[in-house]
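I have a structure I would like to understand better, so I am pasting it below and will then ask my questions one at a time.
The values are calculated or read from the model by the stated rules, or taken from the named source; none is laboratory data. All values reported here derive from a predicted model rather than from experimental measurement. A quick note on method: Cβ atoms are made from the backbone with ideal geometry, for glycine too, and the neighbour counts reach across all protein chains shown. Note: areas computed on protein heavy atoms with side chains; ligands, DNA, RNA excluded. Shrake-Rupley method; radii C 1.70, N 1.55, O 1.52, S 1.80 Å.
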Amino acid sequence: MEWYEIKDREPFIMQLQKKLRSLSRWTNDPMLSVAVDGIYGNRLKDAVSHFQQLYGLENTGIADFLTWESIDDEYRYYSEIFGKSRSLSPFPDNSEYSVGQGERSDLVLIIQVMLNELRIFYDLYGYIPPNGRYGTATAGAVREFQRAGGLDITGRVDRRTWNRLAEEYDIALRDEDTQRTY
């Protein structure tokens, strides 16, 4: 199937986008992350091409049958591993605690992962390398998230910012799960 043949097939394209987006989150590969808009544009073509390179397929940027089957196989594999996870709350119970610039921890890594997922919805900040270090990029993204959420703009993640971040992240994942196609 050629690109021009599938560009008007919105339901197919949206399924492809949802699967690539989930794979991006599960494999921590931002190159697979695409907006779910039903448009087979350059960003989706690049993500498909990247997937094809990773999995040793002919690199065309076109979601042909073999590519679609490979994406679907990987999606099913990872959804078995990650699709049944439970909520957790790693934020400390201390109501005065906040996470800020200079800190290195697993909590910072979790914050970065959530911010990266939400950047697709907010479109306010760029990709943050998930390295567990609370640097200027993380602080800037937190400030933009706080601004959009009507929170105190501190660039630090306190209990209130954490709760809003976790709530928005859960909503994003729930919305994605309800739209999931197998």
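If you roll a 1.4 Å probe over the heavy atoms of the protein chains, what accessible area per residue do you get for the chain, in Å²?
55 Å²
Given an 8 Å cut-off on Cα distances and at least 6 residues of separation, report the relative contact order of the chain as a percent.
17 percent
On the accessible surface of the chain, probed at 1.4 Å, how many percent belong to carbon and sulfur atoms?
48 percent
Also, I was wondering about something else. With the crude spin-label approximation of a point 7 Å out along Cα→Cβ, what separation in nm comes out for Ser95 versus Glu167?
Simple spin-label model gives 1.7 nm for this pair.
Separate question: Report the extension gain between Ile153 and Ala35 in nm, rounded to one decimal, defined as 0.36 nm multiplied by the number of residues separating them, less their alpha carbon distance.
Value of the extension gain: 39.8 nm.
Taking 0.36 nm per intervening residue step and subtracting the Cα-Cα distance, what contour gain separates Tyr55 from Glu80 on full extension?
So the chain would gain 7.1 nm between Tyr55 and Glu80.
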